[in-house]
Amino acid sequence: MTDLMETYIENRTLVQPNHTNMLGKTHGGNVMKWMDEVGAMAAMRFSGETCVTARVDRMNFDLPIRLGDSALVTAYVYDAGSTSVKTRVTVEREDLRTGESERTTESYFVYVAIDEDERPTAVPELTVTSAKGDRLRETALDGEASHE
Ligand SMILES: CCCCCCCCCCCCCCCC(=O)SCCNC(=O)CCNC(=O)[C@H](O)C(C)(C)COP(=O)(O)OP(=O)(O)OC[C@H]1O[C@@H](n2cnc3c(N)ncnc32)[C@H](O)[C@@H]1OP(=O)(O)O
């Protein structure tokens, strides 16, 4: 068993010129890659296994992430099947000079734990033992449903 809060991972990237287009906005592909990586880390921390991405839900880029911003990616596991692991992944941009922070995108990634032969392998049960964990799971289940 692994608790939801143990899977909670945040990762910040300082947006540099090599991340942006000619308008000084972060390429969507970079944002997706950062999300995939942090989601995979949450899934691996949960399962104790190598995890591969099986599905990515709809993804809207609601606001641009500007050159010089900090991009904060947060992921956690909110549900699991026999071998699959569901994660909620969100991104916020922060203007480091003002501390102003805004959500730019959110999505749901499904990973599958694999063994040495790259075949799906069993994952543990997810536990939720705190009020914060309950809130995060509820938020993810509601968000997943509204993403359908
Ligand atoms: C080797 C070195 C390691 C080093 C470690 C270091 C890593 C450090 C961090 C990693 C950082 C970046 C990591 C990014 C992660 C990638 O970028 S991975 C690359 C992109 N993904 C891939 O290449 C995966 C390609 N797909 C596959 O290999 C196979 O389709 C899969 C995903 C293993 C599934 O295999 P399968 O035989 O079809 O599985 P099957 O038995 O039908 O179903 C198994 C489970 O998967 C679920 N499932 C399958 N497909 C889907 C789907 N499309 N949607 C939802 N659920 C699905 C099933 O519902 C089932 O769930 P459970 O009921 O068991 O819970």
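Here Glu116 meets the list (1) within 13 Å of the ligand (Cβ to nearest atom); (2) in contact (Cβ under 8 Å) with a residue 40 or more places away in the chain almost entirely, failing just condition (2). What number of residues within the stretch 14-68 are away from the ligand (no atom under 13 Å from the Cβ) and in contact with a strand residue (DSSP E or B) (Cβ under 8 Å, 6 or more places away or on another chain)? Within the stretch 14-68, residues that are away from the ligand (no atom under 13 Å from the Cβ) and in contact with a strand residue (DSSP E or B) (Cβ under 8 Å, 6 or more places away or on another chain) number 20. Residues considered: Tyr76, Tyr111. Of these, the only one that is aromatic (Phe, Trp, Tyr), out of contact with any Lys or Arg (no Cβ under 7 Å at 6 or more places or on another chain) and on the phi < 0 side of the Ramachandran plot is Tyr111.
Is there a residue being among the aliphatic types (A, V, I, L, M), farther than 25 Å from Arg137 by Cα and surrounded by fewer than 20 Cβ atoms within 10 Å (Cβ to Cβ) anywhere in the stretch 5-12? No, because not a single residue in the stretch 5-12 is among the aliphatic types (A, V, I, L, M), farther than 25 Å from Arg137 by Cα and surrounded by fewer than 20 Cβ atoms within 10 Å (Cβ to Cβ). With respect to the conditions (1) surrounded by 20 or more Cβ atoms within 10 Å (Cβ to Cβ); (2) of a type outside the set (Val, Ile, Thr); (3) at pLDDT below 95, Gly39 falls short on a single one, namely (3).
Inspection of the stretch 92-105 identifies no residue that is within 16 Å of the ligand (Cβ to nearest atom) and under 17 Å from the mean Cα position of the chain (by Cα).
For the stretch 119-147, a tally of residues being more than 16 Å from the ligand (Cβ to nearest atom), small (Gly, Ala, Ser) and exposed (fewer than 14 other Cβ atoms within 10 Å of the Cβ) returns 3.
Residue check: is Arg58 touching a helix residue (DSSP H, G or I) at 6+ places or on another chain (Cβ under 7 Å) and in contact (Cβ under 8 Å) with a residue 60 or more places away in the chain? Considered against the rule, which asks whether it is touching a helix residue (DSSP H, G or I) at 6+ places or on another chain (Cβ under 7 Å) and in contact (Cβ under 8 Å) with a residue 60 or more places away in the chain, Arg58 comes out as yes.
Matching residues to (1) closer than 29 Å to Asn30 by Cβ; (2) not hydroxyl-bearing (Ser, Thr, Tyr):
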| residue | (1), (2) |
| --- | --- |
| Val91 | yes, yes |
| Tyr111 | yes, no |
| Arg119 | no, yes |
| Gly133 | no, yes |
| His147 | yes, yes |
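Here is the figure for the stretch 79-104: residues that are surrounded by 16 or more Cβ atoms within 10 Å (Cβ to Cβ), more than 13 Å from Glu37 (Cα to Cα) and touching a Ser or Thr at 6+ places or on another chain (Cβ under 7 Å) total 5.
The values are calculated or read from the model by the stated rules, or taken from the named source; none is laboratory data. All of these numbers come straight from a predicted model, not from anything done at the bench. Quick reminder, even Gly has a Cβ in these numbers, built from the backbone with ideal geometry, and neighbours come from all protein chains shown.
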